[in-house]
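The values are calculated or read from the model by the stated rules, or taken from the named source; none is laboratory data. Please read all numbers here as calculations on a predicted model, not as lab measurements. Positions of Cβ are generated from backbone atoms using ideal geometry, with glycine treated the same way; all protein chains shown enter the neighbour counts.
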Amino acid sequence: MIFARPLRRLVGTAAIVLCTALPAAAESLADTLVAAYRHSALIEQNRAVLRAADEDVASAVAQLRPVVQWVLEHNVQRNEGTTTTRTTSLQLGAQITLYDWGRSQFAIDGAKEQVLATRQALLGVEQDILLNAALAYFDIWRAKEQVALQQNSVEVLSRERQAAQDRFDVGEITVTDVALADAQLAQTRAALVAAQGDLEVAREAYMAATGRRPGTLSGPPPLPRLPASVDAARAVAQKTHPAILQAQRQAAAAELGVLAAAAERRPTLSANAGVGVTRGPDRFGEYDDRVGASAGLNLSQTIYSGGRLPSAHRRAMAQRDQARSALLNTSRLVSQNIGEFWANIDVARAQIGALDSQISAAQQAYDGVREEAMLGARTTLDVLDAEQSLLQARADKISAEVNLQLAHYQLLSAMGHLTVEHLNLGIPTYDPSQYYNAVRNAPYTSRQGESLDRVLRALGKGN
């Protein structure tokens, strides 16, 4: 027991030293995507839009439910002479639609289709958020590589400038060669400052996308697997892209809108019942309470509406045609994007292969020109030009590698697979059916209300 406390202190100190000595884990692309998904206010905004669409289903369902209301009325009537009559009544009534030839059911089905369309729109927003996060990640990686490249170039040119000064001091070259080396060094330093500025801009974009400053980023991950051909990618996109699925649901809702507009011209059968109590004077002037009850059926139909109902029907048909055309246009745009991103992948791969050859040749040329300049067979300008060609080739390869990565994730987005689920990011995702299941039947009892409150609290904690 005497040595217990010093031993605990020793273990604690060793743990602190060990944790301090371990480097912080580098952030991967997956970490960036997870942070963006959890941070995005745009996703939260569209989740609220989806919950509002869920409530539209509840409102449509409520149209077939009874409407119960009470009315309290008090009247004062001044009669001839000095007589004043006061009457107070309390009425409790209920009304329900018994049959409307499918009009309410069409509205319910249309609201459900809009819910499904809004869910696809939410997936589309999720894809946009993750794609922007990937862009921010690769922009930082590219900017850091460019800064490192420019820093290395500044070091190389600083040595070249010193070598030019040494050769000038012994009379091998003129002051013009030294001035050329000074100009090239100053240009490269300016390029370094610009690259550092681009890196700061990229960091701000990363923070906007993820809600945190970027730390040490790991290198680009392995390229995601793609379908065997562009036609296969197009086939996948037509089945899974959120924009196409959203347009399909909107077209279905528009079809139901036409049926609902046509049903507006049909009769409506409803029932009503009521009970009330009235306090007022009887024929002898004495005040008493009178209780009454009533019940009845009502069958009604609009015969003439001044053209409103036919206009609404034609408007619904025009909206149906609009939704059909939008579906076709969306399908074509998705197919076009698949082709463009597939071509970008092929181009980036070809560029990387060509740039590897260019870098190898430029490095060999630079080394050769530099050796020849030492022997007096080449000028300082030749050395600077060779170094600039090598620098440009390396910078171009960095951009090509980033473009290849981005083209892969853009293609995944065009296929509808740039989601948390398809990327297997391993985090809980938003369940759109939870809120819908709580409200779709227009809850009105206290038990359902408490369940809905629990859902809302859970959503608030998860945000």
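A few points about this structure:
- Qualifying positions in the range 175-188 - without any contact (Cβ under 8 Å) to a residue 24 or more places away in the chain, surrounded by 14 or more Cβ atoms within 10 Å (Cβ to Cβ) and of a type in the set (S, T, N, Q): Q187
- Only one of the listed residues (G219, G171, G215) is surrounded by fewer than 18 Cβ atoms within 10 Å (Cβ to Cβ) and either touching a strand residue (DSSP E or B) at 6+ places or on another chain (Cβ under 9 Å) or not assigned by TED's automatic domain parsing to the domain that holds Q127 (or both). That residue is G215.
- The criterion of being in a loop (DSSP other than H, G, I, E, B) and in contact with a Lys or Arg (Cβ under 9 Å, 6 or more places away or on another chain) holds for T302.
- Filter result (at pLDDT 90 or above and either assigned by TED's automatic domain parsing to the domain that holds A261 or among the basic types (K, R) (or both)) within the range 286-296: none
- Flag if A395 is touching a residue at least 24 places away in the same chain (Cβ under 8 Å), more than 30 Å from T240 (Cβ to Cβ), in the same structural domain as N337 (by TED's automatic domain parsing) and among the aliphatic types (A, V, I, L, M): yes
- Filter result for S325 (without any contact (Cβ under 8 Å) to a residue 40 or more places away in the chain, in the same structural domain as L418 (by TED's automatic domain parsing), assigned to a helix (DSSP H, G or I) and among the hydroxyl-bearing types (S, T, Y)): yes
- Every condition in (1) more than 30 Å from Q238 (Cβ to Cβ); (2) exposed (fewer than 11 other Cβ atoms within 10 Å of the Cβ) holds for E372 except the one numbered (2).
- From Q351, Q364, Q358, Q322, residue being more than 30 Å from D385 (Cα to Cα) and either modelled with pLDDT under 95 or not aliphatic (A, V, I, L, M) (or both): Q322
- Against the list (1) in contact with an Asp or Glu (Cβ under 9 Å, 6 or more places away or on another chain); (2) assigned by TED's automatic domain parsing to the domain that holds A273, the condition G93 fails is (1).
- Here the condition is being among the aliphatic types (A, V, I, L, M) and touching a residue at least 40 places away in the same chain (Cβ under 8 Å); of L72, L131, it holds for L131 alone.
- Of the criteria (1) farther than 30 Å from A254 by Cβ; (2) at pLDDT 85 or above; (3) small (G, A, S), which one A373 fails: (2)
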